[in-house]
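A short write-up of the structure that comes next.
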Amino acid sequence: IPVDEARALPEFFAKSPATAPYRVAIIDSADDLNANAANAVLKTLEEPPERGVLLLASNAPGGLLPTLRSRCRRLRFESPATDVTLSWVAERAGIGDDAARRLLAMAQNAPGRAWRLAAMGALEVDDAARELEEIYASQTPEQKLAMVKELTRKANTLFVGDGINDAPALTAATVGLA
């Protein structure tokens, strides 16, 4: 969150809750707070609001300032069972179980991220990448180099395979033809 939003927390908590017994603020991806925003949140934690709850959601708590971590109670939420997650993603994205399984693998089993990937067309991109990978694997080093040059010319950016295992073959092909 931007530092201005973090600095607005005390004002938010100063107001009494309208219908609920507590005022609640949730900071998602708290580990992404910049130093200024983190310090503004820290100020709120140092002077805790009455009837206020501040939840900091973090995928990497080690990325939080140590002073923030020391003033928080850690609540660990486990991922739901795989079959529950699979059916949730399949239902929300309107896809079959196999496609949902692929999305969950791409999203490291994070259902919300898998759902967003579905909306962004990740399955189609993955299908195209798999097709290119099959074509690339069947080519001679000279054909691979020509293919890479053509793709680079068209896109100005190229990612082939995992970028680690394919690099020696690509380098060898380039050196062999140079």
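Of note:
- Filter pass, SER87 being under 30 Å from PRO48 (Cα atoms) and of a type in the set (S, T, N, Q): no
- You will find that of LEU151, LEU45, the residue that is under 30 Å from ALA18 (Cβ atoms), aliphatic (A, V, I, L, M) and part of a helix (DSSP H, G or I) is LEU45 and no other.
- Filter pass, SER58 being farther than 29 Å from LEU9 by Cα and hydroxyl-bearing (Ser, Thr, Tyr): no
- Conditions (1) modelled with pLDDT under 90; (2) closer than 30 Å to GLU47 by Cβ: number failed by PRO66: (1)
- Identity of the residue in the range 7-29, within 14 Å of LEU56 (Cα to Cα) and at pLDDT 90 or above, that ends up surrounded by the fewest Cβ atoms within 10 Å (Cβ to Cβ): ILE26
- Candidates are the residues of the range 48-87 that are surrounded by 14 or more Cβ atoms within 10 Å (Cβ to Cβ) and assigned to a loop (DSSP other than H, G, I, E, B); the one that is farthest from the chain's Cα centre (by Cα) is PRO49.
- Number of residues in the range 1-34 that are part of a helix (DSSP H, G or I) and free of Cβ contacts under 8 Å to residues at least 12 places away in the same chain: the value is 2.
Quick grid of which residues meet (1) of a type outside the set (Ser, Thr, Tyr); (2) touching a helix residue (DSSP H, G or I) at 6+ places or on another chain (Cβ under 6 Å); (3) within 29 Å of ILE26 (Cβ to Cβ); (4) at pLDDT below 90:
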residue	(1), (2), (3), (4)
SER87	no, no, yes, no
ALA90	yes, yes, yes, no
ALA119	yes, no, yes, no
MET147	yes, no, no, yes
LEU151	yes, no, no, yes
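- Restricting the range 88-125 to residues that are part of a loop (DSSP other than H, G, I, E, B) and farther than 30 Å from THR44 by Cβ, the residue that is least open to solvent (accessible area, probe 1.4 Å): ALA107
The values are calculated or read from the model by the stated rules, or taken from the named source; none is laboratory data. Worth saying up front: this structure is predicted, and the values here are computed from it rather than measured. Counting neighbours? That spans all protein chains shown, and the Cβs are built from the backbone with ideal geometry, glycine included. These accessible areas exclude ligands, DNA and RNA; they are computed on the full protein's heavy atoms, side chains included. Shrake-Rupley method; radii C 1.70, N 1.55, O 1.52, S 1.80 Å.
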